[in-house]
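Asks: Quick one: structure below, then a few questions.
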Ligand code: IVH
């Protein structure tokens, strides 16, 4: 049957046509996805989607629950398979000034014990503003592509990566196992064309090329990815069966020779002057590159030195990102609103007359806290020359990279006569509870705890967020809806949703945005997360000062939920459980206080216990179980080390699971004594502690 013009369809015909289109498109998606062999051309596929969107525009009431136009953009229902990275994907530390870069080079030298005058070369290359991707080749064949995810576990996007022209399916002359890492991005030109096309289809448009690249790569339907012109620059590698080269520069050249795009603005710099010069060179070209970059990455060139420098918890010691300066713009401050966060902090947010700052439209910006608005810093000293910020002011907006924009300055000449100093609230605007400011704290906090709806909702949003429970289909928006309607008040309620509402599915189905399929998907996604790694659970609880790395430390230290919970419940300042807790490298008094408070008998602990009763918490690998001869041992270094600096020795020992202490005690397992060792060596001898010289220590750990 010839297709009838959308304008001539009756409602009945439109309904049937929407059903037909939805079925054909779904079929095309499956054919493409599972067989990698589309039965429709990209153009035909687009035409179907366009027709579907046009009918929906004419008959909005007939839009189906499973409408194909809802499937463009962010990732869809079931999600991707997870992939554990064989080596963590790290992020980079930042430098914002030439001084920071000098300091970086100095710290590298110091760590390695290199003289100021000895040679130390760095590569310098653009920092691409896209998203990172790891490509695994086995025997020269692309077998897997994974996004960064949380660094340890990413998403399997192999089918999508295969659609990217810059990514070869096969390579020859490479190590048998080669994991290439790099950045996926979209050019300015392709971004503009994509947004135009999206608008025509009545689909969502993207805020910037990076979001467009991420949205396009994270498509369950690789037919969609194929229609999006993504590109890829290789900048590094992960697991290798044999080394690519001896230096970063040569390794990149090798990747280039294997068929990968590497950035042509990569340079080898012999000293800091050359690095800074290349930074300026790149910055001058920034506007004409045709893709977004947000800085320059410097890397130690010598790969053996890179290996010795190693990593801090999330960043390498051998590389740094030198960020471009922030972008500025002026606009009117229309209002100041107070947002209440999950820990009760009252955060002032500037509502602005929308303004474009470096290509992005900004209508909200942070005002930090009460003092910042008043023109003071935390110590009461003047900032901005003491100028306060008032509603109605003409303000300067500052935006650096993907950091939240802030109000940086105010122009007093433009201040309206009616503008009054801002009165910061002393009560929570959401629940009315007192919002006192504790000594030494820059922010006011709502004292309402769980009775404060804002805190409760924010805690729930944090609970379901990506690095926490990451429940597919249960995002910030859904959490707000469920909270508002009284379906979920605290995390435990999520796990009884099906029990309470699953049989009366009708209720969920009747709500805006929910169909039978999406409701069932949600219940299944929740089921899946009953089994949860311990570190994620600890992070998800949203305890103040306990971030992702803190949660990892705690899980790695206590191993099981039961041990952790008991220890926290017992911890009171200075008792044994407390001393044990603050004895963990990376846990201080502040974090310990927060933990002890959360696990004191009371509503918060009850809520945690109620939640855990629904879960199957996966024990963590105890730190001491790293497979090395020094794992779990306490080591002390003394005297002069000749083959490495103290910092290097300490970092290496810690990476092998040892704890490095500053003084010898009965708890010490090994003393490493170099020439000139004094009282520590004597004490160790007295206590009968194993003592090694530097060579003996290296021999011991080199077997690791
Ligand atoms: S090197 C061990 N080089 O920046 C860390 N990263 O902020 C290796 N990025 O996650 C990263 N361009 O996605 C490196 N030339 C470049 C880069 C680059 C962009 C991204 C990368 C990384 C993020 C860190």
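The values are calculated or read from the model by the stated rules, or taken from the named source; none is laboratory data. Owing to the predicted nature of the structure, the values given are computational and were not obtained by experimental measurement. Positions of Cβ are backbone-derived with ideal geometry, glycine not excepted, and every protein chain shown enters the neighbour counts.
Asks: Could you tell me whether residue 577 is over 24 Å from residue 455 (Cβ atoms) and at pLDDT below 95?
Replies: yes
Asks: In the range 421-452, what residues are surrounded by fewer than 17 Cβ atoms within 10 Å (Cβ to Cβ) and either at positive phi or modelled with pLDDT under 95 (or both)?
Replies: Residues of the range 421-452 that are surrounded by fewer than 17 Cβ atoms within 10 Å (Cβ to Cβ), as a first pass: 421, 423, 425-427, 429, 432, 434, 436-442, 447, 449-451.
432, 437, 438, 439, 440, 441, 442, 447, 449, 450, 451, listed by residue number.
Asks: Here is a follow-up. What is the residue count in the range 47-87 for residues that are modelled with pLDDT of 85 or more, under 28 Å from the mean Cα position of the chain (by Cα) and either more than 30 Å from residue 137 (Cα to Cα) or surrounded by fewer than 16 Cβ atoms within 10 Å (Cβ to Cβ) (or both)?
Replies: The qualifying residues number 5.
Asks: Now for a different question. Being away from the ligand (no atom under 16 Å from the Cβ), closer than 27 Å to residue 142 by Cβ, in contact with a strand residue (DSSP E or B) (Cβ under 6 Å, 6 or more places away or on another chain) and in contact (Cβ under 8 Å) with a residue 24 or more places away in the chain narrows it down to one residue among 241, 347, 261; which is it? Spell out the reasoning first.
Replies: Working: 347 fails: closer than 27 Å to residue 142 by Cβ; 261 fails: away from the ligand (no atom under 16 Å from the Cβ).
Selected residue: 241, the only one of 241, 347, 261 that is away from the ligand (no atom under 16 Å from the Cβ), closer than 27 Å to residue 142 by Cβ, in contact with a strand residue (DSSP E or B) (Cβ under 6 Å, 6 or more places away or on another chain) and in contact (Cβ under 8 Å) with a residue 24 or more places away in the chain.
Asks: May I pose another question? Have a look at 109, 170, 136 and point out the one that is out of contact with any strand residue (DSSP E or B) (no Cβ under 6 Å at 6 or more places or on another chain), away from the ligand (no atom under 16 Å from the Cβ), at pLDDT 95 or above and more than 23 Å from residue 282 (Cβ to Cβ).
Replies: Working: 170 fails: out of contact with any strand residue (DSSP E or B) (no Cβ under 6 Å at 6 or more places or on another chain); 136 fails: out of contact with any strand residue (DSSP E or B) (no Cβ under 6 Å at 6 or more places or on another chain).
Being out of contact with any strand residue (DSSP E or B) (no Cβ under 6 Å at 6 or more places or on another chain), away from the ligand (no atom under 16 Å from the Cβ), at pLDDT 95 or above and more than 23 Å from residue 282 (Cβ to Cβ) holds for just one of 109, 170, 136, which is 109.
Asks: Residue check: is residue 321 in a strand (DSSP E or B), more than 16 Å from the ligand (Cβ to nearest atom) and either without any contact (Cβ under 8 Å) to a residue 60 or more places away in the chain or within 23 Å of the chain's Cα centre (by Cα) (or both)?
Replies: On the way: in a strand (DSSP E or B): yes; more than 16 Å from the ligand (Cβ to nearest atom): no; either without any contact (Cβ under 8 Å) to a residue 60 or more places away in the chain or within 23 Å of the chain's Cα centre (by Cα) (or both): yes.
So residue 321 does not fit the description; no.
Asks: Quick test for you: out of 411, 393, 377, pick the one residue that is surrounded by 16 or more Cβ atoms within 10 Å (Cβ to Cβ) and either more than 30 Å from residue 209 (Cα to Cα) or without any contact (Cβ under 8 Å) to a residue 40 or more places away in the chain (or both).
Replies: Numbers: 411 fails: surrounded by 16 or more Cβ atoms within 10 Å (Cβ to Cβ); 377 fails: surrounded by 16 or more Cβ atoms within 10 Å (Cβ to Cβ).
That would be 393, the only listed residue that is surrounded by 16 or more Cβ atoms within 10 Å (Cβ to Cβ) and either more than 30 Å from residue 209 (Cα to Cα) or without any contact (Cβ under 8 Å) to a residue 40 or more places away in the chain (or both).
Asks: Given the residues 117, 123, 205, 147, which is the only one that is touching a helix residue (DSSP H, G or I) at 6+ places or on another chain (Cβ under 9 Å) and more than 16 Å from the ligand (Cβ to nearest atom)? Steps first, please.
Replies: Working: 117 fails: touching a helix residue (DSSP H, G or I) at 6+ places or on another chain (Cβ under 9 Å); 123 fails: more than 16 Å from the ligand (Cβ to nearest atom); 147 fails: more than 16 Å from the ligand (Cβ to nearest atom).
None of the other options fit; the residue is 205.
Matching residues to (1) surrounded by 20 or more Cβ atoms within 10 Å (Cβ to Cβ); (2) under 21 Å from residue 79 (Cβ atoms):
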position: 454; (1), (2): yes, no
position: 463; (1), (2): yes, yes
position: 466; (1), (2): no, yes
position: 479; (1), (2): yes, yes
position: 483; (1), (2): no, no
position: 489; (1), (2): no, no
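Asks: Is it fair to say residue 190 is under 20 Å from residue 216 (Cα atoms) and either surrounded by 17 or more Cβ atoms within 10 Å (Cβ to Cβ) or within 16 Å of the ligand (Cβ to nearest atom) (or both)? Break it down stepwise before answering.
Replies: Values: under 20 Å from residue 216 (Cα atoms): yes; either surrounded by 17 or more Cβ atoms within 10 Å (Cβ to Cβ) or within 16 Å of the ligand (Cβ to nearest atom) (or both): yes.
It is true that residue 190 is under 20 Å from residue 216 (Cα atoms) and either surrounded by 17 or more Cβ atoms within 10 Å (Cβ to Cβ) or within 16 Å of the ligand (Cβ to nearest atom) (or both).
Asks: Of the conditions (1) touching a helix residue (DSSP H, G or I) at 6+ places or on another chain (Cβ under 7 Å); (2) outside any helix (DSSP H, G or I); (3) surrounded by 15 or more Cβ atoms within 10 Å (Cβ to Cβ), residue 677 clears all except one; give me its number.
Replies: All conditions are met except number (1).
For every residue, the table says whether it meets (1) on the phi < 0 side of the Ramachandran plot; (2) in contact with a strand residue (DSSP E or B) (Cβ under 7 Å, 6 or more places away or on another chain); (3) more than 12 Å from the ligand (Cβ to nearest atom); (4) at pLDDT 95 or above.
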| position | (1), (2), (3), (4) |
| --- | --- |
| 305 | yes, no, yes, yes |
| 312 | yes, no, no, no |
| 326 | yes, yes, yes, no |
| 333 | yes, yes, yes, yes |
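Asks: If you don't mind, another one. Just checking, which of 240, 258, 265 is surrounded by fewer than 21 Cβ atoms within 10 Å (Cβ to Cβ) and more than 21 Å from residue 170 (Cα to Cα)?
Replies: Numbers: 240 fails: more than 21 Å from residue 170 (Cα to Cα); 258 fails: more than 21 Å from residue 170 (Cα to Cα).
Going through 240, 258, 265 in turn, the sole match is 265.
Asks: Check whether at least one residue in the range 600-611 is surrounded by 15 or more Cβ atoms within 10 Å (Cβ to Cβ) and in a loop (DSSP other than H, G, I, E, B), and report yes or no.
Replies: Of the residues in the range 600-611, the ones surrounded by 15 or more Cβ atoms within 10 Å (Cβ to Cβ) are 604-605, 607-608, 610-611.
Still in the list and also in a loop (DSSP other than H, G, I, E, B): none.
Taking every residue of the range 600-611 in turn, none turns out to be surrounded by 15 or more Cβ atoms within 10 Å (Cβ to Cβ) and in a loop (DSSP other than H, G, I, E, B).
Asks: Please verify whether residue 165 is away from the ligand (no atom under 16 Å from the Cβ), within 13 Å of residue 228 (Cβ to Cβ) and assigned to a helix (DSSP H, G or I), treating the condition exactly as stated.
Replies: On the way: away from the ligand (no atom under 16 Å from the Cβ): yes; within 13 Å of residue 228 (Cβ to Cβ): yes; assigned to a helix (DSSP H, G or I): no.
No; evaluated as a whole, the condition is false for this residue.
Asks: Here's something else I'd like to know. Against the definition (closer than 30 Å to residue 287 by Cβ, away from the ligand (no atom under 16 Å from the Cβ) and surrounded by 16 or more Cβ atoms within 10 Å (Cβ to Cβ)), how does residue 159 come out, yes or no? Show your work before the answer.
Replies: Working: closer than 30 Å to residue 287 by Cβ: no; away from the ligand (no atom under 16 Å from the Cβ): yes; surrounded by 16 or more Cβ atoms within 10 Å (Cβ to Cβ): yes.
No: the conditions fail for residue 159.
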